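Take a look at the structure below.
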């Protein structure tokens, strides 16, 4: 066991993320403390990933034979965000496995550095049986552009 303290995550700039998606905050996103509640960030992660996959033509939520199920998420928070801000969610791919993909995401407000960042892991499964399946080749080719 190491005596070194764990590495503390640091905020990153927009330039670290090749895809950016604007998402408006909603009145209901704020919590009793006057900032966006932590659970909303996970919704933004899900929206950024799946909207990008749909726009790129590799996910059809009604008929794709293979779909990604979320098996892990994580988020570190650096600065508060609040309604009525519009945020940008940055997206990149950290790892492509045989049947899984690890996305890295960051949420930006008006500042130069992200207000939060985290990751999101999809495991790909057969849409009908929910048994593990290989990452489709068309998806893999697209994801490699974000590594």
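None of the figures in this text is laboratory data; all of them are computed from the coordinates on show. Note that this is a predicted model, so its numbers are computed, not measured. Every residue, glycine as well, gets a Cβ built from its backbone with ideal geometry; the counts of neighbours run over all protein chains shown.
The alpha carbons of the chain give a radius of gyration and a Dmax of 16.3, 51 Å, in that order. The mean sequence separation of alpha-carbon pairs under 8 Å and at least six residues apart, normalised by the residue count of the range 81-128, gives a relative contact order of 32 percent.
In the range 14-146, Cα pairs under 8 Å separated by at least six residues give a relative contact order of 29 percent.
Compared with the direct C-alpha span, the chain from residue 76 to residue 26 gains 15.9 nm at full extension, assuming 0.36 nm per residue. For the range 64-105, the residues whose amide N sits under 12 Å from a probe point set 7 Å from the Cα of residue 51 along the beta carbon direction are 86-91.
What the Cα convex hull of the range 58-115 gives, in volume per residue, is 131 Å³. Assuming a viscosity of 1.002 mPa s and a temperature of 20 °C, what translational diffusion coefficient in µm² per second does Stokes-Einstein assign to the range 88-144, Rh being the Kirkwood radius over Cα pairs? It comes out at roughly 169 µm²/s.
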